[in-house]
Structures are given as C-alpha cells and as structure tokens.
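Everything on this sheet refers to the single structure shown next.
The values are calculated or read from the model by the stated rules, or taken from the named source; none is laboratory data. Everything numeric here is computed off the predicted structure, so don't read it as measured data. Please note: Cβ atoms are built from the backbone with ideal geometry, for glycine as well, and neighbour counts cover all protein chains shown.
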Amino acid sequence: MDNDLWGHLFFGKEILQSGRLPLNNLYSFTAPDYPWINHEWLAEVIFYGIFYFFGSPGLILLKVLIGAMIVWILDLIIKQRATSPFVRVLTLVWTMVILSPGFNIRPQLFTYLFLAGLLFLFYRFEKEDKPVLYWVPLLMLLWVNLHGGFVAGLGTLGLFSLVTLLSTARRGLADSQAINRLVIPLALSLAVLFVNPYGIALLSFLWRDLLLSRPITEWGAIALFDFSFLEFKLALVFVLLFSVGKGYYRRWDFILCCLAALFSIRYQRHTPLFAILAAPLMAEGVQKMSHRIERDVREWMLAFGIMVLGLYMLQGVGRIHLEHRFRLVVNPLEYPSQAVNFLQRNGIRGNLAVPFDWGEYFIWKLYPDIRVSIDGRYTTSYPMEVIQDHWDWMEGKKEWRKLLERYPAEIAITNRYHPVTALLRKDPEWLYLYSDPIAFIFVRQTPSQEQLLAKFRERRLLPPQTPPVYFPG
C-alpha cells in the first residue's frame with residue numbers, strides 16, 4: 001500500500017465537500033500560504049468516490065481493472081506483430097513483472113493506462129492511416145487533470161509526430177490529408193493542456209519541478225551492475241539485441257523505448273513507462289526467437305507460461321487479497337496507527353512535526369486538530385527550504401534544529417529508527433511522552449501545551465487502544 005493513499009482520499013473528499021480546489025497549503029503550519037498546484041485532483045476525486053461507495057475493496061478492484069485494461073490494450077498491439085499465443089503470453093507476463101513494483105493505488109495508474117492507449121492509437125494510425133489520432137486530444141484533456149504524468153504522454157506524442165513527419169518528408173510524400181490527420185490532433189492536444197484549474201501555471205510548475213533532484217528512493221537511479229531491477233535490465237538488453245536490424249534506429253517506437261530506458265535508469269519510478277513502451281518490441285524479439293524453437297516445444301512453453309502466470313496471480317496477489325477479503329492492510333509495524341490512537345484518545349492538538357512519509361496519514365486522521373510540518377505532496381505544496389529542513393531534521397544533521405526553530409512546532413512524532421529520535425530524547429526543551437515499536441512522541445515545553453504537560457506529570461494520559469488493521473486504520 002502506498003503511503004500517499006490517505007492523502008489522495010482526504011484531498012478528494014475535501015474537493016467534493018467544498019466544491020472547489022484549495023489554492024494554498026491549508027494542512028501545514030510550515031507553509032500555510034504556499035500555493036498548492038494539485039496536478040492529481042481529478043484522480044483524487046475518483047479515488048475518494050470509489051472509496052466512499054465501495055471501501056478499500058473498490059480501490060483494489062479499480063487497480064485490477066486498470067491492470068487488465070493495460071494488458072488488453074498491449075495484447076491488441078502485440079497480436080498485430082506476433083500472432084503466436086506463446087509470444088503474446090510470454091511478452092505480457094514479462095511486461096507485467098516489470099510493471100508490478102510500481103503498480104500501487106496511485107494517480108500514476110491513469111498515466112500507465114493512458115500511455116498504453118496512446119501507443120495503441122499510434123500503431124493504428126501507422127497501420128491504417130485513419131483519423132484515429134483525433135481521440136488523442138480527448139485523452140490528453142482527461143490526462144492533464146488526472147496526473148502530472150501527462151508530460152510523458154506529451155513527449156511521446158511529440159516524438160511520434162516528429163519522426164512520422166520526417167519519415168513522410170524523406171519518402172517524398174505530400175499527402176496533405178494524412179499530414180492533417182497528424183498535425184491537427186497534435187495542435188488540439190497542445191491546446192487542451194491549458195484546460196485545467198491552474199492553466200499555464202500547471203505547465204510552468206511541472207517544467208521547473210522535473211528538473212529538481214529528490215532524495216526519495218523511487219526517484220533514485222538504478223544501479224547498473226547489480227541484480228536490482230533485473231527484469232528491466234534483461235528486457236532492455238533483449239530489445240537492443242533483437243532490434244539491430246536495418247532501419248530500427250529510425251523507428252519512433254525504438255527511439256521511444258530507448259529514451260524511456262534512459263529515464264528509468266535515471267529515475268527508477270519510470271520503469272513501468274518503459275515496460276509499456278517496450279512491450280511491442282519485446283514481442284518482436286520473442287517472435288524472432290520462437291521461430292528457432294520447434295513447434296511442440298513452443299506449445300509446451302506456452303502451457304508452462306500460462307501456468308506460471310496463473311500461479312503468480314494466485315500466490316503473489318490473489319492469496320493475500322482473499323485472505324483479507326480484498327481489504328487493504330495497515331500494518332502497525334509500518335504505519336504509526338498506535339501513535340495516532342494515542343494522540344486521539346488524549347485530545348492532543350497543535351502543530352506536529354512529522355517524518356516525510358507519514359504526513360498524509362496524520363492529515364487524514366487528525367486534521368484540523370493537528371497540522372503537519374510536511375507530507376508527500378512535496379514540491380506541489382512546500383518550498384524547497386522547508387523540505388530541506390525536514391531532511392536535515394529526520395537525519396539528525398548538524399542543522400537539524402532549524403525545523404523546530406523556524407516554525408512553531410509544538411509536538412513531534414519521529415520514526416524510532418531516525419537519528420532525530422535520540423537527539424530529541426536528550427533535548428531539555430522537549431519532553432518524551434510516548435513510544436511504541438515504530439514511533440516516538442515528544443511535546444515542546446511551552447505554555448500552549450501546559451494542559452498536556454500537566455496530564456503527563458499527573459499520569460493521566462491514556463494508553464492507545466488496539467487500532468484497526470484494515471484501511472484506513
């Protein structure tokens with residue numbers, strides 16, 4: 001389960017209940033007036049609507065349906081290039097293995113789905129030369145309001161258009177109707193990008209934001225010479241080996257695949273995009289390889305592949321969901337559910353300094369009684385100065401106290417394993433209140449917290465009750 005899911009649901013609920021988008025960071029005390037560019041607002045509304053009517057099983061079902069639609073779309077593409085069931089099954093299994101680590105209940109799901117749809121339209125246009133690209137502006141209109149990953153779609157569309165136009169010019173073709181079928185949808189797609197609540201401000205924000213480095217695991221680079229992301233690395237090598245034919249370097253799909261691979265190596269969170277874009281080329285490679293295998297061996301491998309896929313779905317995914325009746329589990333050793341219950345039972349209010357990963361969980365559970373110092377919205381709602389102060393604070397660096405001195409933090413919750421926990425235990429300005437296997441809670445000895453401090457001295461603070469194990473916790 002993704003740490004940001006609580007935030008997506010909370011913000012979706014806020015939008016639906018208020019009927020408007022919050023323009024500032026109302027939920028934080030470190031940046032309350034900072035403008036918030038919510039590039040996922042429509043996805044959050046959809047998530048909350050599904051959760052409101054169907055609970056967490058509905059969210060799981062949404063993820064499964066989107067995954068099934070992606071497989072179906074990719075199979076439509078692949079079957080035009082490789083008719084063998086063996087090739088299709090093997091390629092799709094391989095693709096989903098690369099895709100699955102990033103396939104959480106997040107707005108990115110819509111980016112994966114729409115990228116697959118865009119790819120399908122490109123191949124249809126290339127094969128039949130029909131006005132299928134007029135569907136692209138509608139897709140982009142939805143995409144720009146669902147998730148900032150529409151930038152990947154825009155780049156994909158631009159590269160496809162450029163390579164197609166250059167190829168047309170190189171062949172000396174002057175079919176104005178065919179060119180219009182490409183250029184007009186491209187122009188309309190660019191125009192609809194401004195049909196979002198922020199207008200051009202969204203585009204300028206994303207342009208600046210994409211250039212920033214992030215000390216977050218999924219935004220880290222892939223190490224090339226180890227066994228991490230092995231499925232991705234094997235797929236990249238496989239595509240390169242089987243795409244050495246004449247003219248491949250001119251093909252738009254090969255260029256896109258190589259660019260997606262470079263972005264994935266630089267930012268590991270982009271590997272699902274590579275998996276989608278690489279699937280047709282992987283199918284071509286598997287098709288070439290399968291021609292060298294005897295038919296009876298190929299059929300045996302098809303049966304084996306289907307069996308492996310079924311076992312993977314049942315053991316790796318289905319068994320867990322069936323065991324918990326398709327409900328999301330909130331592990332108390334991973335999320336601070338006990339600490340939240342302690343804060344709730346004792347009516348603790350104030351400005352709460354929190355680790356980056358937990359901010360949206362506390363917003364969902366405790367707002368408006370508590371406002372957080374940071375959450376997973378990152379640069380969409382916090383200036384870099386605040387973000388850097390949090391990294392220094394959590395890691396206990398030399399200037400770790402800046403966060404507590406610059407902003408009016410009254411309570412602090414820390415991960416047991418973060419260096420700042422030991423520093424706060426030694427700090428005379430902060431009083432240790434509570435701890436459990438994952439979290440510590442401290443209170444600042446200030447007049448605003450005198451009532452809480454009195455309860456602590458008189459030993460009247462209530463211990464937490466056992467929190468629910470199922471989402472939302």
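Could you please let me know if LEU139 is buried (at least 23 other Cβ atoms within 10 Å of the Cβ) and within 15 Å of ILE70 (Cβ to Cβ)?
Numbers: buried (at least 23 other Cβ atoms within 10 Å of the Cβ): no; within 15 Å of ILE70 (Cβ to Cβ): yes.
No.
If you take the residues of the stretch 93-110 that are modelled with pLDDT under 90 and within 19 Å of PHE242 (Cα to Cα), which of them is surrounded by the fewest Cβ atoms within 10 Å (Cβ to Cβ)?
Looking at residues that are modelled with pLDDT under 90 and within 19 Å of PHE242 (Cα to Cα), I get VAL93.
Which condition number in (1) of a type in the set (A, V, I, L, M); (2) under 18 Å from the mean Cα position of the chain (by Cα); (3) surrounded by fewer than 22 Cβ atoms within 10 Å (Cβ to Cβ) is the one that VAL71 fails?
Only one criterion in (1) of a type in the set (A, V, I, L, M); (2) under 18 Å from the mean Cα position of the chain (by Cα); (3) surrounded by fewer than 22 Cβ atoms within 10 Å (Cβ to Cβ) is unmet by VAL71, namely (2).
When residues of the stretch 79-88 are filtered for being surrounded by fewer than 21 Cβ atoms within 10 Å (Cβ to Cβ) and part of a helix (DSSP H, G or I), how many remain? Spell out the reasoning first.
Of the residues in the stretch 79-88, the ones surrounded by fewer than 21 Cβ atoms within 10 Å (Cβ to Cβ) are 79-81, 83-85.
Checking which are part of a helix (DSSP H, G or I) leaves us with 85.
Selection size over the stretch 79-88: 1.
Check the stretch 88-98 and report whether any residue there is touching a Gly at 6+ places or on another chain (Cβ under 6 Å), in the same structural domain as PHE229 (by TED's automatic domain parsing) and within 24 Å of TYR378 (Cβ to Cβ).
So far as the stretch 88-98 goes, no, none of its residues is touching a Gly at 6+ places or on another chain (Cβ under 6 Å), in the same structural domain as PHE229 (by TED's automatic domain parsing) and within 24 Å of TYR378 (Cβ to Cβ).
Take the residues in the stretch 111-150 that are farther than 30 Å from GLY12 by Cα and not in a helix (DSSP H, G or I), then tell me which one is modelled with the lowest pLDDT. Talk me through it step by step, then tell me what you get.
First, the residues of the stretch 111-150 that are farther than 30 Å from GLY12 by Cα: 120-134.
Retained after the next criterion (residues that are not in a helix (DSSP H, G or I)): 129-130.
Details: ASP129: 64, LYS130: 74.
Ranking the qualifying residues of the stretch 111-150, first place goes to ASP129.
Which members of the stretch 361-378 meet the condition of being within 11 Å of TRP6 (Cβ to Cβ) and part of a loop (DSSP other than H, G, I, E, B)?
Listed by number, the residues that qualify are TYR367, ASP375, GLY376.
Taking the options ILE46, ILE50, ILE70, ILE60, name whichever one is assigned to a helix (DSSP H, G or I) and in contact with a His (Cβ under 8 Å, 6 or more places away or on another chain). Even if it seems obvious, please write down each step before you answer.
Details: ILE46 fails: in contact with a His (Cβ under 8 Å, 6 or more places away or on another chain); ILE50 fails: in contact with a His (Cβ under 8 Å, 6 or more places away or on another chain); ILE70 fails: in contact with a His (Cβ under 8 Å, 6 or more places away or on another chain).
Just one listed residue meets the conditions, ILE60.
In the stretch 428-448, what residues are surrounded by fewer than 18 Cβ atoms within 10 Å (Cβ to Cβ) and among the charged types (D, E, K, R)?
Result: GLU429, single match.
Can you tell me which residue is nearest to LYS233 (Cα to Cα) among those in the stretch 82-120 that are aromatic (Phe, Trp, Tyr) and touching a residue at least 40 places away in the same chain (Cβ under 8 Å)?
Going residue by residue through the stretch 82-120, those that are aromatic (Phe, Trp, Tyr) are 86, 94, 103, 110, 112, 114, 120.
After this cut, where a residue has to be touching a residue at least 40 places away in the same chain (Cβ under 8 Å) as well, the list is 86, 94, 103, 110, 112, 120.
Numbers: PHE86: 22, TRP94: 12, PHE103: 18, PHE110: 25, TYR112: 20, PHE120: 24 Å.
The residue in question is TRP94.
What number of residues in the stretch 100-110 are part of a loop (DSSP other than H, G, I, E, B) and under 26 Å from ARG81 (Cβ atoms)?
Within the stretch 100-110, the first condition is being part of a loop (DSSP other than H, G, I, E, B), and the residues that meet it are 103-107.
Restricting the remaining residues to those that are under 26 Å from ARG81 (Cβ atoms) gives 103.
Qualifying residue count for the region: 1.
Tell me which residues, restricted to the stretch 326-356, are among the small types (Gly, Ala, Ser) and more than 20 Å from SER448 (Cβ to Cβ).
Initially, the stretch 326-356 is screened for residues among the small types (Gly, Ala, Ser), giving 337, 339, 347, 350, 353.
Answer for the stretch 326-356, where residues must be among the small types (Gly, Ala, Ser) and more than 20 Å from SER448 (Cβ to Cβ): SER337, ALA339.
TRP358: within 19 Å of LEU424 (Cβ to Cβ), at pLDDT 90 or above, aromatic (Phe, Trp, Tyr) and part of a loop (DSSP other than H, G, I, E, B), yes or no? Outline the logic, then answer.
On the way: within 19 Å of LEU424 (Cβ to Cβ): yes; at pLDDT 90 or above: yes; aromatic (Phe, Trp, Tyr): yes; part of a loop (DSSP other than H, G, I, E, B): no.
Considered against the rule, which asks whether it is within 19 Å of LEU424 (Cβ to Cβ), at pLDDT 90 or above, aromatic (Phe, Trp, Tyr) and part of a loop (DSSP other than H, G, I, E, B), TRP358 comes out as no.
Return a yes/no flag: does the stretch 449-470 have any residue that is in a strand (DSSP E or B) and crowded, with 18+ Cβ neighbours inside 10 Å. Reasoning before the result, please.
So in the stretch 449-470, the residues in a strand (DSSP E or B) come out as 470.
Applying the additional criterion that residues be crowded, with 18+ Cβ neighbours inside 10 Å yields none.
No, the stretch 449-470 contains no residue that is in a strand (DSSP E or B) and crowded, with 18+ Cβ neighbours inside 10 Å.
Would you check which residues across the stretch 420-448 are assigned to a helix (DSSP H, G or I) and of a type outside the set (Gly, Ala, Ser) and list them?
So in the stretch 420-448, the residues assigned to a helix (DSSP H, G or I) come out as 420-426, 447-448.
Listed by number, the residues that qualify are VAL420, THR421, LEU423, LEU424, ARG425, LYS426, PRO447.
What tally of residues in the stretch 20-67 results from selecting those that are of a type in the set (D, E, K, R) and modelled with pLDDT under 95? Give the steps one after another, and end with the answer.
The initial filter retains those residues of the stretch 20-67 that are of a type in the set (D, E, K, R), namely 20, 33, 40, 44, 63.
Right, trim to modelled with pLDDT under 95 and you get 20, 33, 63.
Final tally of qualifying residues: 3.
Report, ordered by the first and then the second residue, all pairs with beta carbons closer than 8 Å, sequence separation of six or more or different chains, a first member in the stretch 127-148 that is in the same structural domain as PHE194 (by TED's automatic domain parsing), and a second member that is among the basic types (Lys, Arg) and surrounded by fewer than 19 Cβ atoms within 10 Å (Cβ to Cβ).
So the pair list comes out as ASP129/ARG181; LYS130/ARG124; LYS130/ARG181; PRO131/ARG181; VAL132/ARG124; LEU133/ARG181; TYR134/ARG181.
How many residues does the stretch 415-473 contain that are at pLDDT below 90 and aromatic (Phe, Trp, Tyr)?
Here the count works out to 2.
Under the condition of being part of a helix (DSSP H, G or I) and among the basic types (Lys, Arg), which residue from the stretch 179-222 is nearest to PRO101 (Cα to Cα)?
Applying the first criterion (part of a helix (DSSP H, G or I)) to the stretch 179-222 yields 179-192, 200-209, 217-219.
Filter again for among the basic types (Lys, Arg), leaving 181, 208.
Numbers: ARG181: 37, ARG208: 27 Å.
Among residues in the stretch 179-222 that are part of a helix (DSSP H, G or I) and among the basic types (Lys, Arg), the one nearest to PRO101 (Cα to Cα) is ARG208.
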